[in-house]
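Here the structure is laid out as structure tokens; the discussion comes afterwards.
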Amino acid sequence: MIKFAIIDHEQDAQRDAASRVSTETAEKNSASLKPERKRVNVPKGATIQTSPRKPKLGQHFLADESAAPRIVDALGDISDATVLEIGPGRGAITDLLARKSRRLIAVELDRVLSAQLRMKFSMQPNVEIIEGDVLTIELDTVFGAKPGSLRTGLNFAPEPARVIGNLPYYITSDILLRLLEYHRYFSTIVLMVQKEVADRLAASPGSRDYGLLSATAQLYGRVEQLFTLPPGAFSPPPKVYSSVVRITIKPRLKSLRVSEAEFIAFLKLCFGQKRKTLWNNLKTRYDEDALRAALAKSGVKPAIRAEALPLEKTAALFRALSDGGS
């Protein structure tokens, strides 16, 4: 009897193991048939799926209560304005914006935080929480002309919104460049960024910090570095200091007599290799004779580096190359 009992237990174990293998195989096959998760646009530019980036990455929430009013005040009078807040987080600045602005649109990537904010401000009709990535939401949908606004005889001129945000350090430049790309929708941009980035944004030509980001930002507006906050002003504290910068949108494209897309591409070429001279960066694209003539016409020395040139001189060289470059 004991012998048969042992055999029965071994057979039971073998049947259980086979059953588990069969179940695991079925689950894998089933999973392989499921459609891949894709980001889908929903009304007002929100996205159903979150970004593949980790939502927690780069989050340093403002903890200094005295700093929030100073940051909001940098926007000016917002009582009759629309404000776009990027990364409201736990709502330290959002509370003030909701009380002061006519309309607040807050874009939060973190699903949990966006749900908490939506609940918190559910009774305030002037506040709209969008769960999504500011790099992918349709800004034209959020701020552009609405259906019916282009009827004959109706002059639709949307009031420029104001932007405020505490940007994750790892993606600051991407967000800033997208805001500048859609500058037509904004009048003032107030951002809290890593101090090193703020130094670059506000740098003057010829200084060590002046580069492509400086030139691009200053092409679209006046940059001011307002004040700096220590790591202890945030939770968790970052390893660096943060600065608040304000960009008052006032594009210089017309005054410089340049076309936007072509001049931006030209700036990227000029700053392509920071240690190289302007001549060495530009000769990869332009004929040397045409480049030599354009440099002479615009009064720019071939041995100069791009970071030493003010935008006016860079634009003059661009125009000279556009007239005679190949």
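The values are calculated or read from the model by the stated rules, or taken from the named source; none is laboratory data. Predicted model, so just to flag it, every value in this text is computed and none were measured. Cβ atoms come from the backbone with ideal geometry, glycine included; neighbour counts cover every protein chain shown.
Only one of (1) part of a loop (DSSP other than H, G, I, E, B); (2) within 20 Å of A261 (Cβ to Cβ); (3) of a type outside the set (V, I, T) is not met by F318, so which one is it?
(1)
Output the qualifying pairs, or none if there are none: Cβ atoms under 6 angstrom, residues six or more apart or on different chains, first residue in the stretch 290-303 and surrounded by fewer than 16 Cβ atoms within 10 Å (Cβ to Cβ), second residue of a type in the set (V, I, T).
What qualifies is A303/T277.
On the basis of being exposed (fewer than 15 other Cβ atoms within 10 Å of the Cβ), among the aliphatic types (A, V, I, L, M) and within 20 Å of F61 (Cα to Cα), does A115 make the cut? So that I can check it myself, show each step before the final result.
Numbers: exposed (fewer than 15 other Cβ atoms within 10 Å of the Cβ): yes; among the aliphatic types (A, V, I, L, M): yes; within 20 Å of F61 (Cα to Cα): yes.
Taking the combined requirement at face value, the residue satisfies it.
Are any residues in the stretch 105-125 in a helix (DSSP H, G or I) and not β-branched (V, I, T), and if so, which ones? Outline the logic, then answer.
To start, the set of residues in the stretch 105-125 that are in a helix (DSSP H, G or I) comprises 111-120.
Those that are in a helix (DSSP H, G or I) and not β-branched (V, I, T): R111, L113, S114, A115, Q116, L117, R118, M119, K120.
Is it the case that A265 is part of a helix (DSSP H, G or I), at pLDDT 95 or above, aliphatic (A, V, I, L, M) and surrounded by 14 or more Cβ atoms within 10 Å (Cβ to Cβ)? Step through it out loud before you land on a result.
On the way: part of a helix (DSSP H, G or I): yes; at pLDDT 95 or above: yes; aliphatic (A, V, I, L, M): yes; surrounded by 14 or more Cβ atoms within 10 Å (Cβ to Cβ): no.
Spelling it out, it is not the case that A265 is part of a helix (DSSP H, G or I), at pLDDT 95 or above, aliphatic (A, V, I, L, M) and surrounded by 14 or more Cβ atoms within 10 Å (Cβ to Cβ).
State the number of residues belonging to the stretch 62-94 that are in contact (Cβ under 8 Å) with a residue 24 or more places away in the chain and in a helix (DSSP H, G or I).
Looking only at the stretch 62-94, we keep the residues that are in contact (Cβ under 8 Å) with a residue 24 or more places away in the chain, and these are 62-65, 67-72, 74-76, 78, 81-94.
Add one more test, that the residue is in a helix (DSSP H, G or I), and what stays is 67-72, 94.
Total satisfying the criteria: 7.
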